[in-house]
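Visitor: Sending over a structure as structure tokens; questions will come in a sec.
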Amino acid sequence: MAGEKSVAFVAERQIPPSPPPVKTGGALGWARDNLFSGVFNTVATLLSLAFVAYILAMVVPWLFLDSVWNASSLQGCREVDDGACLAVINERFLQFVFGFYPEELRWRPILAFVLLFVAIWPALFSSAPRKLLIFSALYPLLAYWLIWGGSLWGPVGAVVGLAIGWACIRFLPPLVRGRLDEGLAFLAAVGAGILATALWWLFCVTAFEDALGAVLAIGLEPVESARLGGFLLSTIIGVSGIAGSLPIGIVLALGRQSNLILIKAVCVGFIEFIRGVPLITLLFVAWLLLSYFLPPGTEFDLILRVVIMVTAFASAYMAEVIRGGLAGLPRGQYEAADSLGLDYWKSMRLIILPQALKISIPGIVNTFIGLFKDTTLVIIIGLLDPVGLLQPIRADQNWNGIVWELYGFIALFFFIFCFAMSRYSMYLERNLDVGHR
Amino acid sequence: MSSTGQPPPEPFRVSQLLYDTRYRSYTIQIFALAVIMLAFAWAIDNAVRNLEALGKDIDFGFIFETSAYDINQHLLDYDSTSTHGRAALVGIINTILVAVMGCITATVIGVLAGVLRLSRNWVVARLMTVYIETVRNIPVLIWILFTVAIVNEVLPGVRSFRGEDAMSGLLFDSVFITNRGFYIPAPVFEAGSSVIGIVLLLSVGAAWYFGRWARARQAATGQILPVFWVRLAILAVPVLLAFFAMGSPVSLEVPALKGFNFKGGIYMRDSLIGLWLALSVYTGAFIAEIVRAGILAISKGQTEAAYALGLRPGRTMSLVVLPQALRVIVPPLISQFLNLTKNSSLAIAVGYMDATGTLGGITLNQTGREMECILLLMAFYLVASLTISGAMNAYNRSVRLKER
């Protein structure tokens, strides 16, 4: 008997599986784990839930249940229901989009907007036909012509000027081959090209435009800048600023990294100056001072001046973002490019910049978002972007006293665009990150 | 025909200026210098001719002329007989006021939101994500206008503090939050309050010295003293003693309703409140992201290693995690402070008289001297930014990892 007892435990049947611990199972377990795991956590959860419920209880009935979509005045809204008076947005929607752009000509900005997507298609997706890049290059002038109108020959004249400059650089050196040193010939050709383009733009474009306009008058009805407004204006400033600031920012960043002391000093001075002052002061410069520094009598469109300043502002920030990317690359990449015998521009274009730009994508998109948000500041100098349109609407007798609906609508517009941009950058980051782990 | 086998030096050719790296950098720099100088000369020549045509000159004399306008929120003595220079100074101080207040609250909001976004509590983390994403994706100008609208439309009017069923102020009826702004008590310093100030300064010095001594002692003997409590006592006890010994020379002047408005105390205008809150909430969202990134940048192994050494969570935080996280957090944090300061120039949209509102607003309009006013305004912001970023670079150098 005793011997039998000393035998170690022998399982005679299978042990049934025990149920999982209460905590980890199901939604309840998750909630207990994450939401109510202690006194502090429980209080925080309950407070947050109460806050959300409070906000929802305030906003949902106001915005969805009691809102009024059709009325002709705030008074009319209040007679129907006491929620949000969305009738004002219903009535002024087109004004918010186009500002005071003539009603019968609104197809032109719409067309320009649609063509914008065709123009940026090859930039965003590598699958697009490469030929489209020519269209992208011409798009700015086309959009300018569509939105501001006027004779077609003005933009064509500008393109011709560029073509003349290019032709000088391309065809002058072979002409003088043998008679002049090769490098000198190239330098001279570049100089001649720039000079020819400048001369053409300064003196010949108007004559060209008039002459061709007299022969064949192709033109759109001109629209003054003062009539542009609303989201159209924000988009014009934002898109031109974005398109301009990336290349200028790259050049500035390379200049700041350069070992040419003078170039470096100029770039550092420009970047630090622009980053040191608020955008408003630069807009003041565009508004009041820029015309002082141009030849007497130069008439210069305010929107164009603002675009120049906003682009300069964003380029300085862009340059710092890209500099971060350049500095983040291991030194070996630079040395490898050098050891392959690539010259400066080739090593930058083929080795350094593709990697540096990839690292800096989040920062670049953040700068884009900041630029787009900053377009609202133009109301300070009297342009009628969406925020600027609030004043006339609230001064209107019918809508006097409306506040939240208008702010909410504009905020929603900006939120959608900026949020979409930031999500796109995250997607891009994930996509390009492949092979780095 | 040298015997070393090296090719004879080639004669200098002009193409070397472009193709030989020894000379090319000089070519480019001289060319750039010429272009830049030409551009500057052209712009300045244009400016001179334009100013001549308008019969204007560059003259900063307007700074000493009477401004003839009022500033509704000022910390210095100012009235409409003061000079434009003083108006600009008042504006600059107003900018600094809102910037300092904003930086403090934005940091508090940002640190809280950043830490809470990392919380394991799903509801809290989501709520903070919503806050950060909403705020960051909407222009700050809209936030400022919106917040001022909230102050003006939602807060109770001054009238509701009067009459039968009057509301009472917060904190024992001393702080009044109205749609015209906040009224808060003002400290009144009577004779003898300077003694308290001196005592306070001495206690701060003593507390700092005690901290140093305690650290040295810990390094020498390993004993840890209750530094925080001792310091608190060193700071509080002598000041309180001095306060009562001098017969309470510092008192609070509480705002009181007289007629149609509150009198006494400190009045913070609706525009100041709106601007301050909007800038804090807006910048707070950016700071939250910075704080989150800083905390995430410290690998978990650091915390675990500290635990393995036997450090308690509080000391792990203060001795291991924070010093490393701060290195990541501080530089972008300071650049957010700079952004806040620059964004405060949007005060002009809500009528708060900061440097942009005085120097770049009314003074500019009254004197018609755009060039001088805008130059001065830019110079002010530039000096402020460069000073702060210089300090930041010095800090960066001091905490940089010593790599070899």
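The values are calculated or read from the model by the stated rules, or taken from the named source; none is laboratory data. Keep in mind that this is a model prediction, so the values were computed, not measured. In this analysis, Cβ positions are derived from the backbone assuming ideal geometry, glycine residues included, and neighbour counts consider all displayed protein chains. To get the accessible areas, we keep the full protein, side chains included, count just its heavy atoms, and leave off ligands, DNA and RNA. Shrake-Rupley method; radii C 1.70, N 1.55, O 1.52, S 1.80 Å.
Visitor: Checking the conditions here, which among B:Asn339, B:Asn365 is within 12 Å of chain A (Cβ to nearest Cβ) and free of Cβ contacts under 8 Å to residues at least 24 places away in the same chain?
Guide: B:Asn365
Visitor: So which residues in the stretch B:132-157 are within 8 Å of chain A (Cβ to nearest Cβ) and out of contact with any helix residue (DSSP H, G or I) (no Cβ under 8 Å at 6 or more places or on another chain)?
Guide: Hit for the stretch B:132-157 is B:Glu153, nothing else.
Visitor: Evaluate the stretch A:274-281: report whether one residue or more is small (Gly, Ala, Ser) and more than 9 Å from chain B (Cβ to nearest Cβ).
Guide: no
Visitor: Here is a check on your reading of the model: is A:Leu184 of a type outside the set (Gly, Ala, Ser), touching a residue at least 24 places away in the same chain (Cβ under 8 Å) and surrounded by 15 or more Cβ atoms within 10 Å (Cβ to Cβ)?
Guide: Spelling it out, it is not the case that A:Leu184 is of a type outside the set (Gly, Ala, Ser), touching a residue at least 24 places away in the same chain (Cβ under 8 Å) and surrounded by 15 or more Cβ atoms within 10 Å (Cβ to Cβ).
Visitor: Look through the stretch B:349-404, keep the residues that are among the β-branched types (Val, Ile, Thr), assigned to a helix (DSSP H, G or I) and farther than 21 Å from B:Ile334 by Cα, and return whichever of them is most open to solvent (accessible area, probe 1.4 Å).
Guide: B:Ile362
Visitor: Residue check: is B:Leu377 in contact with a Cys (Cβ under 8 Å, 6 or more places away or on another chain) and at the interface with another protein chain (Cβ under 10 Å from one of its Cβ atoms)?
Guide: So B:Leu377 does not fit the description; no.
Visitor: Quick check on this structure: which one of B:Val111, B:Val100 is more than 30 Å from B:His74 (Cα to Cα), assigned to a helix (DSSP H, G or I), open to solvent by 50 Å² or more (accessible area, probe 1.4 Å) and modelled with pLDDT of 90 or more?
Guide: Unique residue meeting the criteria: B:Val111.
Visitor: Next question, about the same structure. For the stretch A:383-437, which positions are at the interface with chain B (Cβ under 10 Å from one of its Cβ atoms), touching a residue at least 60 places away in the same chain (Cβ under 8 Å) and surrounded by fewer than 16 Cβ atoms within 10 Å (Cβ to Cβ)?
Guide: A:Gly401
Visitor: B:Val250: closer than 29 Å to B:Val175 by Cβ, open to solvent by 50 Å² or more (accessible area, probe 1.4 Å) and either at pLDDT 90 or above or in contact with an Asp or Glu (Cβ under 8 Å, 6 or more places away or on another chain) (or both), yes or no?
Guide: The answer is no for B:Val250.
Visitor: Residue check: is B:Ser194 polar (S, T, N, Q), within 21 Å of B:Leu252 (Cα to Cα) and assigned to a loop (DSSP other than H, G, I, E, B)?
Guide: Answer is no for this residue.
Visitor: Next question, about the same structure. Just checking, how many residues over the stretch A:184-217 are farther than 22 Å from A:Gly150 by Cβ and not small (Gly, Ala, Ser)?
Guide: Looking only at that region, the number is 7.
Visitor: Scanning for something more than 13 Å from chain B (Cβ to nearest Cβ) and either in contact with a His (Cβ under 6 Å, 6 or more places away or on another chain) or open to solvent by less than 30 Å² (accessible area, probe 1.4 Å) (or both), does the stretch A:199-222 turn up at least one residue?
Guide: yes
Visitor: Take the conditions open to solvent by less than 30 Å² (accessible area, probe 1.4 Å) and over 22 Å from the mean Cα position of the chain (by Cα) and apply them to B:Val123. Does it pass?
Guide: yes
Visitor: Has the stretch B:287-300 got any residue that is at pLDDT below 85 and among the hydrophobic types (A, V, I, L, M, F, W, C)?
Guide: No, because not a single residue in the stretch B:287-300 is at pLDDT below 85 and among the hydrophobic types (A, V, I, L, M, F, W, C).
Visitor: A further question on this structure: Looking at the stretch A:187-198, which of its residues are loosely packed, with under 14 Cβ neighbours inside 10 Å and either under 28 Å from A:Val306 (Cβ atoms) or in contact (Cβ under 8 Å) with a residue 12 or more places away in the chain (or both)?
Guide: Matches in the stretch A:187-198: A:Ala198 only.
Conditions (1) facing chain A (nearest Cβ under 9 Å); (2) open to solvent by 70 Å² or more (accessible area, probe 1.4 Å); (3) at pLDDT 80 or above, marked per residue:
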residue: B:Gly5; (1), (2), (3): no, no, no
residue: B:Tyr19; (1), (2), (3): yes, yes, no
residue: B:Ala34; (1), (2), (3): no, no, yes
residue: B:Thr66; (1), (2), (3): no, yes, yes
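Visitor: Name the residue that is nearest to A:Ala356 (Cα to Cα), counting only residues in the stretch A:297-321 that are within 11 Å of another protein chain (Cβ to nearest Cβ) and in a loop (DSSP other than H, G, I, E, B).
Guide: Only one residue fits best here, namely A:Thr298.
Visitor: Identify, from the list A:Ala243, A:Ala265, A:Ala253, the residue that is in contact (Cβ under 8 Å) with a residue 60 or more places away in the chain, open to solvent by 30 Å² or more (accessible area, probe 1.4 Å) and either more than 11 Å from chain B (Cβ to nearest Cβ) or on the phi < 0 side of the Ramachandran plot (or both).
Guide: Selected residue: A:Ala243, the only one of A:Ala243, A:Ala265, A:Ala253 that is in contact (Cβ under 8 Å) with a residue 60 or more places away in the chain, open to solvent by 30 Å² or more (accessible area, probe 1.4 Å) and either more than 11 Å from chain B (Cβ to nearest Cβ) or on the phi < 0 side of the Ramachandran plot (or both).
Visitor: Still on this structure, I have one more. Can you name the condition, by its number, that B:Asn94 falls short on among (1) away from every other protein chain (no Cβ under 11 Å); (2) among the polar types (S, T, N, Q); (3) under 30 Å from A:Leu47 (Cβ atoms); (4) surrounded by 21 or more Cβ atoms within 10 Å (Cβ to Cβ)?
Guide: Tallying (1) away from every other protein chain (no Cβ under 11 Å); (2) among the polar types (S, T, N, Q); (3) under 30 Å from A:Leu47 (Cβ atoms); (4) surrounded by 21 or more Cβ atoms within 10 Å (Cβ to Cβ), B:Asn94 fails exactly one: (3).
Visitor: Continuing with the same structure: Being away from every other protein chain (no Cβ under 14 Å) and within 21 Å of A:Gly244 (Cβ to Cβ) narrows it down to one of A:Leu294, A:Leu326, A:Leu289, A:Leu350, so name that one.
Guide: Just a single option satisfies the conditions, and that option is A:Leu326.
Visitor: Quick one: B:Phe12 ticks every box in (1) open to solvent by 70 Å² or more (accessible area, probe 1.4 Å); (2) within 14 Å of chain A (Cβ to nearest Cβ); (3) within 39 Å of the chain's Cα centre (by Cα) except a single one, so which number is it?
Guide: Exception for B:Phe12: condition (3).
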